[in-house]
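To start, the structure under review is shown below, and the notes come after it.
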Amino acid sequence: MEIIKIIGISLIAIIIAVIIKQYKPEFAVYISIATGVIILLICTNYMANIINLVETLASKVNINTQFIKILIKITGIAILTEFAVSICKDSGETAIASKTEIGGKIIIISMSMPIIEALINTITKVLP
């Protein structure tokens, strides 16, 4: 099971980070980044399976594939933004973390505009 690998990697990384913080605190951030990247790489197959399933369901229901691609990109941006925010917070840089979070939210909102526009057009066609 992959979750056992992820938990094991996380626990080993925590132990290493705690030990290294005593001698070289600046290197603890590198351990955090490396651990996050390794965990994301472990999850790539699962992410690919989710994307394929969503695209298959969308084609069966006859949903515009452009919207599905946008939703998948938005989800990826949210995950990567949360990853970066967590690293910033682990480093003690809460100001940078909040700016990164705001940047991710703005990008997500801007990317969702075609979906919002289509929704508004659909609503206006239905209403008299």
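The values are calculated or read from the model by the stated rules, or taken from the named source; none is laboratory data. Keep in mind that this is a model prediction, so the values were computed, not measured. Here the Cβ positions follow ideal geometry from the backbone for every residue, glycine too, while neighbour counts run over all protein chains shown. Please note that ligands, DNA and RNA were not included when accessible areas were found on the heavy atoms of the full protein model with its side chains. Shrake-Rupley method; radii C 1.70, N 1.55, O 1.52, S 1.80 Å.
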Checked Ile19, Ile12, Ile68 against criteria (under 30 Å from Ala118 (Cα atoms) and either in a helix (DSSP H, G or I) or polar (S, T, N, Q) (or both)); the one match is Ile68
Being within 21 Å of Gly92 (Cα to Cα), of a type in the set (Val, Ile, Thr) and in contact with a helix residue (DSSP H, G or I) (Cβ under 7 Å, 6 or more places away or on another chain) narrows it down to one residue among Val29, Val18, Val37, Val54; which is it? Val29
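Listed here are the residues, each with its yes/no results for (1) modelled with pLDDT of 95 or more; (2) among the polar types (S, T, N, Q).
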| site | (1), (2) |
| --- | --- |
| Gly76 | no, no |
| Phe83 | no, no |
| Ser98 | yes, yes |
| Gly104 | yes, no |
All but one of (1) without any contact (Cβ under 8 Å) to a residue 40 or more places away in the chain; (2) more than 14 Å from the chain's Cα centre (by Cα); (3) part of a helix (DSSP H, G or I) hold for Ile63; state the number of the condition that does not hold. (3)
What are the pairs with Cβ atoms under 8 angstrom where one residue, in segment 109-128, is in contact (Cβ under 8 Å) with a residue 40 or more places away in the chain and surrounded by 10 or more Cβ atoms within 10 Å (Cβ to Cβ) and the other, located anywhere, is outside any helix (DSSP H, G or I) and of a type outside the set (Lys, Arg)? Sequence gap at least six, or different chains. Ala118/Asn64
When the residues of segment 60-97 are narrowed to those that are closer than 19 Å to Phe27 by Cβ and of a type in the set (Asp, Glu), which ends up least open to solvent (accessible area, probe 1.4 Å)? Glu93
Just checking, does segment 81-98 include any residue being of a type in the set (Asp, Glu), touching a residue at least 60 places away in the same chain (Cβ under 8 Å) and assigned to a helix (DSSP H, G or I)? yes
So, of the residues in segment 1-29 that are open to solvent by 80 Å² or more (accessible area, probe 1.4 Å) and under 19 Å from the mean Cα position of the chain (by Cα), which turns out to be nearest to Ile87 (Cα to Cα)? Ile7
